[in-house]
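The values are calculated or read from the model by the stated rules, or taken from the named source; none is laboratory data. Just so it is clear, the structure is predicted and the values come from calculations on it, not from any experiment. So basically every Cβ, Gly included, is an ideal-geometry build from the backbone, and we count neighbours across all protein chains shown.
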Amino acid sequence: MFVVGITGGIGSGKSAVTDHLETLGITVVDADKVARVVVEPGTSGLAAIAQHFGKDILFANGGLDRAALRKIVFDNPDERKVLEGITHPRIRDEITRQLSEASSPYVVLSSPLLLESGQNTLADYVVVVDVPEEVQLKRTMARDDNSEALVQQIMAAQLDRQTRLSRADASIMNDTSLKELYERVEALHEDLLLKATTSD
């Protein structure tokens, strides 16, 4: 199975790209969704997080209070490493399982941390959804109602734009309308179909 990794910084429009590929019949394995699955109540992932970070990061119903956990790890790089040590192997295992079950002509692995987490090793081809940083900042603030300082902190924790682009096999610019983005996605899709058939 030909695996296409799609990534992009926060606010780049990665979801718009992968959502459109789904309408074209392509299976998308979403690392963000997988990250939620591996820390659901009753999982070993959530038990390990609660054991290390304490019960304060749990809601009364036993679910994970992401905002409380995010505050701890953003202020403390060592704690972030602990969290990643718990979640990344579990996320990788679940992604691998979902990729192996895909039946579309190629399969997409959508991940905001594709390059940072080493998940790109699961992909045969890497596509970056690219957007100027000032657009990224504006979009994310508008979408999530976050402060500029928090968005800049999140962006700083991700790879910078130049490094991300230098590690991609292809990029798709998303700085205009949704209509134009969809046209670019459809052109990319044709290219990927061709690559998938010649990679067997």
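Would you point out which residue out of ALA67, ALA60 is more than 30 Å from ALA102 (Cα to Cα) and part of a loop (DSSP other than H, G, I, E, B)?
Of ALA67, ALA60, the one residue that is more than 30 Å from ALA102 (Cα to Cα) and part of a loop (DSSP other than H, G, I, E, B) is ALA60.
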Residue ID - modelled with the lowest pLDDT, chosen from residues in region 90-116 that are within 15 Å of the chain's Cα centre (by Cα) and surrounded by fewer than 17 Cβ atoms within 10 Å (Cβ to Cβ) = GLU116
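Out of all the residues in region 164-184, which are in a helix (DSSP H, G or I) and touching a residue at least 12 places away in the same chain (Cβ under 8 Å)?
ARG164, LEU165, LEU178, LEU181, TYR182, ARG184
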ALA16: surrounded by fewer than 20 Cβ atoms within 10 Å (Cβ to Cβ), touching a strand residue (DSSP E or B) at 6+ places or on another chain (Cβ under 9 Å) and part of a helix (DSSP H, G or I), yes or no?
-> yes
What's the number of the condition ASP32 fails, among (1) surrounded by fewer than 16 Cβ atoms within 10 Å (Cβ to Cβ); (2) in contact (Cβ under 8 Å) with a residue 12 or more places away in the chain; (3) touching an Asp or Glu at 6+ places or on another chain (Cβ under 8 Å)?
-> (3)
Filtered residues of region 96-119 (kept if touching a strand residue (DSSP E or B) at 6+ places or on another chain (Cβ under 6 Å) and of a type in the set (Val, Ile, Thr)) = VAL107, VAL108
